[in-house]
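*Asks:* Structure below; questions to follow.
The values are calculated or read from the model by the stated rules, or taken from the named source; none is laboratory data. Source: prediction; values computed, not measured. Here the Cβ is made from the backbone with ideal geometry for all residues, glycine too, and neighbour counts use every protein chain on show. Each accessible area value is taken on the protein alone, full model and side chains, heavy atoms only, with ligands, DNA and RNA left out. Shrake-Rupley method; radii C 1.70, N 1.55, O 1.52, S 1.80 Å.
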Amino acid sequence: MSTIPSIREFFREAPWQLWTAQVFAVVRIELKKSLWMRRSVWIYLVAFAPAFAVGLHALNSPMGRNCSLGEDTAILAGIFQLFYLRLGIFFGCMGLFTWLFRGEVVEKSLHYYFLAPLRREVLVAGKFLSGVLASVLIFGLSVLLSFTFMYAHFGAAGRAFIFDGPGLGHLTAYLGVTLLACVGYGSLFLALSLVVKNPILPGIFVLCWETFHAVLPSLLQKFSVMFYLKQLCPVSIPSEGILALFTVVAEPVSPWIAVPGLLTLCVAILVFACARIRRTEISYLAD
Amino acid sequence: MSNLNNRVVFENVSKFYGEVLGVNRVNLSLPPGVTSLVGPNGSGKTTLMNLMTGLVRPTQGTVSVLGFTADQPEEFFRHVGYCTQFDSFPKGVTGYEFIYQNLTLRGITKQEAHRLTCEALERLGMTEAASRKVAGYSKGMRQRIRLAQAIAHHPTVMVLDEPLNGLDPMARAEAIALFEALGREGLHVIISSHVLHEVDKISDQVVLMSYGYVVAEGQIHGVRNEVKEHPMQILVRCGHPSRLAARLFSQDHVVEARLNGDGKGILVRTRDAGQFYQLLNRIVVEEDFALEAVTPADDDVNSLYQYLIGASGGRV
């Protein structure tokens with residue numbers, strides 16, 4: 001019976017100011033590592049490959065020659081849903097988020113965090129936030145570049161599409177979905193890195209789950225990040241043939257459910273990660 | 001045991017790594033001062049230190065430091081500094097960043113973190129190398145920068161796992177002087193080391209470990225008195241050693257009296273040091289003996305190690 005008052009008391013008494021300062025300190029340390037570490041190079045290559053391809057396409061079709069706005073909008077939607085969401089952001093987040101804790105274990109430096117006057121939950125929050133910032137910065141910038149290249153070569157028609165048509169709305173939606181994808185996959189891979197030593201095999205399982213979730217029972221679909229993201233994409237891509245597996249929305253839900261649904265899933269995964277890190281011991285030899 | 005809030009307390013602590021024993025049924029209450037953890041490799045010294053600092057959790061029992069446990073990290077690690085044996089660092093940091101970044105996790109201001117960083121660097125003589133990457137440091141420098149990081153926040157309990165490893169003789173002497181000074185200031189300095197004669201000089205108490213068990217603990221002299229199976233060795237420097245030896249031999253508690261190599265003293269082995277000193281006083285007064293010096297010859301960590309953990313080790 002005293003649960004609610006004690007929770008209320010906890011929220012009132014908790015040192016929020018200290019925890020916030022500690023989260024930002026962790027973010028400062030980790031962001032630098034995530035963005036500048038040598039092993040992030042492949043993430044940059046994966047992230048900017050579509051922007052590069054769209055840039056080449058733009059150079060090849062000056063002033064919209066040999067293409068149309070409608071076609072290019074569909075192509076961009078395809079690139080976003082099939083490459084960014086399913087491969088680029090998925091594997092990018094896998095690389096970034098699994099390394100947040102796993103990297104510290106491999107480099108035998110996790111104990112420095114564990115010996116600081118820092119709650120492990122605060123450490124998880126700081127590391128997660130730094131991962132989200134890094135991934136959103138990399139993939140958000142890439143999406144922005146792809147979008148700009150895709151419409152810039154249409155000249156006045158492209159500008160009109162962006163500023164007077166639905167273009168800006170599409171861009172906002174793409175960036176929003178990118179943010180949610182980073183949050184969703186980020187939480188998943190961060191938690192995964194605390195459970196398994198090698199994330200490759202579980203990563204393949206998650207990839208299959210995310211890819212084929214459309215054929216799963218309705219309840220299980222809700223445990224997929226892609227289930228929520230697909231519904232938020234601004235442009236649908238043709239659901240024909242094998243592509244239908246990736247693009248069909250079997251059970252449409254409104255964004256008002258999709259966004260809170262995804263965030264709830266992420267919070268649940270992060271709570272699990274916090275519980276896991278509380279029990280973590282330093283035994284580098286075993287790793 | 002009167003004031004547990006000023007002690008490092010282990011209550012019936014055991015730690016198993018799967019089926020492998022780390023430490024077993026450890027009961028300790030360490031007061032302030034310099035405490036040495038002594039034992040061979042694999043005896044459980046590092047496990048004990050990791051338990052003390054929450055890096056590993058006990059399978060059974062409880063550990064508290066000044067009344068706090070590692071489950072209260074904000075309070076606990078304000079008081080505790082741990083220099084581990086892991087010779088590893090976050091990638092790409094300079095000596096300055098290594099200490100500064102850790103201090104910023106404490107929620108203090110940048111200015112305060114900078115001040116404490118500079119102070120710690122100065123104290124360990126690392127100011128000049130502070131802007132260089134730690135990856136380029138020598139082993140001794142890496143050891144010193146880790147020590148600097150462990151003491152930067154002015155902890156009241158310092159746990160130092162083999163802190164003298166890799167240090168050159170000069171740096172060793174400086175580090176020992178630092179530990180000694182901190183111990184005198186009333187701080188807890190808990191050191192594990194293989195260099196017995198160096199820790200012997202500064203230790204207020206000792207914890208001897210073997211195969212995961214605490215074999216003996218307490219002040220060195222007290223522990224030595226408890227080791228009954230090894231008679232106490234006392235070196236007596238005097239002018240007529242053979243006369244003194246003949247006089248001593250008649251006593252039951254004197255096991256052996258051996259002439260010293262230089263012929264100016266005898267090494268006595270006695271089962272009762274108290275009685276021996278009384279007897280010696282009596283002889284000096286009654287027979288007008290001129291003594292130069294009387295010193296215990298095996299009242300040190302090294303001897304305790306040999307007696308309790310060496311080949312013929314026993315338990316107190």
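*Asks:* Top mean-square fluctuation among B:GLU286, B:GLU185, B:GLU174, Gaussian network model of chain B, C-alpha springs under 10 Å?
*Replies:* Answer for the Gaussian network model of chain B: B:GLU286.
*Asks:* Now for a different question. So in the protein assembly as shown, what percent of DSSP beta bridges are antiparallel if you round to the nearest 5?
*Replies:* Among the beta bridges of the protein assembly as shown, antiparallel pairing accounts for roughly 65 percent.
*Asks:* Of B:ILE202, B:ILE108, B:ILE190, which is the most mobile in a GNM of chain B whose springs link Cα atoms less than 10 angstrom apart?
*Replies:* B:ILE108
*Asks:* What residues from the stretch A:115-157 fall in the zone where the backbone N is under 20 Å from a label point 7 Å along the Cα-to-C-beta line of A:SER61?
*Replies:* Backbone N within reach: A:143-157.
*Asks:* Quick one: accessible area per residue over the stretch A:185-234, 1.4 Å probe, rounded to a whole number of Å²?
*Replies:* Values: 2130 Å² over 50 residues.
Spelled out: the 1.4 Å probe surface of the stretch A:185-234, per residue, equals 43 Å².
*Asks:* Going 7 Å from the Cα of A:ALA49 toward and past its Cβ, which residues in the stretch A:178-209 have a backbone nitrogen under 17 Å from where you end up?
*Replies:* Counting only backbone N, you get A:204, A:207.
*Asks:* Pull up all non-local amide H partners of B:PHE16: gap of 5 or more, or a different chain, and H-to-H distance under 5 Å with H placed in the peptide plane.
*Replies:* For B:PHE16, the qualifying residues are B:GLY22, B:THR59.
*Asks:* Which of the listed residues, B:VAL189, B:PRO163, B:ILE202, is farthest toward the dipole's positive end in the stretch B:160-226, when Lys, Arg count +1 and Asp, Glu count -1 at the beta-carbon?
*Replies:* It is B:ILE202.
*Asks:* How big is the antiparallel share of DSSP beta bridges in the stretch B:137-252, given as a percent to the nearest 5?
*Replies:* Values: 5 of 10 bridges.
Approximately 50 percent, going by the DSSP bridge assignments.
*Asks:* I've got another one for you. Give me the accessible area buried between chains A and B, both sides summed, with a 1.4 Å probe, in Å² rounded to the nearest 100.
*Replies:* Working: alone 15020 and 15540 Å², together 28040 Å².
Rounded to the nearest hundred, the buried surface is 2500 Å².
*Asks:* Follow-up question, since we're still on this one. Rounded to the nearest whole Å², what accessible area per residue is found for the stretch B:32-149 with the 1.4 Å probe?
*Replies:* Working: 4620 Å² over 118 residues.
About 39 Å² of surface per residue is accessible.
*Asks:* Also, quick follow-up: Send over the Kirkwood Rh of chain A, from the inverse of the averaged 1/r over different Cα pairs, rounded to one decimal Å.
*Replies:* Working: mean 1/r = 0.0487 Å⁻¹.
With all distinct Cα pairs of chain A included, I get 20.5 Å.
*Asks:* Would you list, by chain and number, the aspartates and glutamates whose Cα falls below 14 Å from the Cα of A:LYS108, excluding same-chain residues fewer than 8 positions away?
*Replies:* The qualifying aspartates and glutamates are A:GLU281, A:ASP287, B:ASP87.
*Asks:* Counting DSSP beta bridges with both partners in chain B, what percentage is antiparallel, nearest 5?
*Replies:* Details: 35 of 53 bridges.
In chain B, DSSP labels about 65 percent of beta bridges as antiparallel.
*Asks:* While we're looking at this one, here's another question. Two-decimal Rg/Rh of the stretch B:172-257 from alpha-carbon positions, Kirkwood Rh?
*Replies:* Working: Rg = 18.0 Å, Rh = 16.1 Å.
Dividing the radius of gyration by the Kirkwood radius yields 1.11.
*Asks:* In straight Cα distance, which lysines are under 23 Å from B:LYS201, not counting same-chain residues fewer than 8 positions off?
*Replies:* Straight-line reach from B:LYS201, under 23 Å: B:LYS45.
*Asks:* For the stretch A:33-104, compute the orientation-averaged projected area of the C-alpha convex hull (one quarter of its surface), in nm².
*Replies:* Details: hull surface 21.8 nm².
So the Cα hull casts an average projection of 5.4 nm².
*Asks:* Moving on. List the residues, sorted by chain then number, that are 5 or more residues from B:ILE190 or on another chain and whose placed amide H is less than 5 Å from its amide H.
*Replies:* B:THR35, B:MET158, B:VAL159, B:LEU160
*Asks:* Okay, moving on. For the stretch A:114-123, take each phi angle, set θ = phi - 60°, evaluate the Karplus expression 6.51 cos²θ - 1.76 cosθ + 1.60, and give the result in whole Hz per residue in order, putting x for glycine and proline.
*Replies:* Along the stretch A:114-123, the couplings run 5, 9, 8, x, 9, 5, 5, 5, 5, 4 Hz.
*Asks:* Quick one: 3J(HN,Hα) in Hz for the stretch B:109-122, Karplus 6.51/-1.76/1.60 with θ = phi - 60°, rounded, Gly and Pro as x.
*Replies:* Result, rounded to whole Hz: 6, 4, 4, 5, 4, 5, 4, 5, 4, 4, 4, 5, 4, 4.
*Asks:* Tally up the carbon and sulfur contribution to the accessible surface of the protein assembly as shown as a whole percent, 1.4 Å probe, everything protein left in place. Let's see the in-between values first.
*Replies:* On the way: 17100 of 28040 Å².
Carbon-and-sulfur percentage of accessible area, whole number: 61.
*Asks:* Could you work out how far helix A:16-36 tilts from the main Cα principal axis of chain A, as a 0 to 90 degree angle to the nearest 10?
*Replies:* For A:16-36 against chain A, the angle is about 50 degrees.
*Asks:* Also, I was wondering about something else. Pull up the cross-link candidates among the aspartates and glutamates for B:LYS264, meaning alpha carbon to alpha carbon under 20 Å and not fewer than 8 places away within one chain.
*Replies:* The qualifying aspartates and glutamates are B:GLU256, B:GLU287, B:ASP288, B:GLU292, B:ASP298.
*Asks:* For the stretch A:193-202, in order, what is each residue's ³J(HN,Hα) by Karplus, 6.51 cos²θ - 1.76 cosθ + 1.60 with θ = phi - 60°, in whole Hz (x at glycine and Pro)?
*Replies:* Computed from phi, the couplings for the stretch A:193-202 are 5, 8, 9, 10, 7, 10, x, 5, 5, x Hz.
*Asks:* Rg(Cα) of the protein assembly as shown divided by 2.2 N^0.38 Å? Don't skip to the end; give the middle numbers.
*Replies:* Working: Rg = 33.4 Å, N = 603, 2.2 N^0.38 = 25.1 Å.
Working it through for the protein assembly as shown, the quotient is 1.33.
*Asks:* On to the next question. Out of B:TYR17, A:LEU82, B:GLN219, whose Cα points farthest toward the positive end of the dipole of the protein assembly as shown (charges: +1 Lys, Arg; -1 Asp, Glu; placed on Cβ)?
*Replies:* My answer, from the dipole projection, is A:LEU82.
*Asks:* May I pose another question? Just give the residues from the stretch B:35-79 buried by at least 10 square angstrom of accessible area in the all-chains context relative to the isolated chain, probe 1.4 Å, and say none if nothing qualifies.
*Replies:* Buried by 10 Å² or more upon assembly, which counts only protein chains, are B:GLY54, B:LEU55, B:VAL56, B:ARG57, B:ASP71, B:PRO73, B:GLU74, B:PHE77.
*Asks:* Can you work out the base-10 log of I(q)/I(0) for the stretch B:79-172 at q = 0.16, 0.22 1/Å, using the Debye formula on its C-alpha atoms alone?
*Replies:* -0.59, -1.15
*Asks:* Could you tell me the distance between the Cα centroids of the stretch B:287-304 and the stretch B:246-266, to the nearest Å?
*Replies:* Cα centroid to Cα centroid, the span is 12 Å.
*Asks:* If each DSSP helix of 4+ residues adds -39,500 (n - 2.57) and the sum is divided by the residues in chain A, what number results at 222 nm, nearest 500 deg cm²/dmol? Please list the in-between numbers first.
*Replies:* Values: 14 runs with 208 residues, N = 287.
Roughly -23500 deg cm²/dmol at 222 nm, from the helical runs in chain A.
*Asks:* Name the long-range amide H neighbours of B:CYS238: under 5 Å, sequence gap of 5 or more, or other chain; modelled H, no Pro or chain starts.
*Replies:* Correct list: B:GLY265, B:ILE266, B:GLU292.
*Asks:* Could I ask something else about it? Using a Gaussian network model of chain B whose springs link C-alpha atoms within less than 10 Å, name the residue from B:ASN24, B:ASN260, B:ASN12 with the highest mean-square fluctuation.
*Replies:* Its mean-square fluctuation being the largest, the pick is B:ASN260.
*Asks:* Based on DSSP H runs of at least 4 residues, each adding -39500 (n - 2.57), what is the mean residue ellipticity at 222 nm of chain B after dividing by all its residues, to the nearest 500 deg cm²/dmol? Walk me through the numbers on the way to the answer.
*Replies:* Working: 11 runs with 114 residues, N = 316.
Rounded to the nearest 500, it is -10500 deg cm²/dmol.
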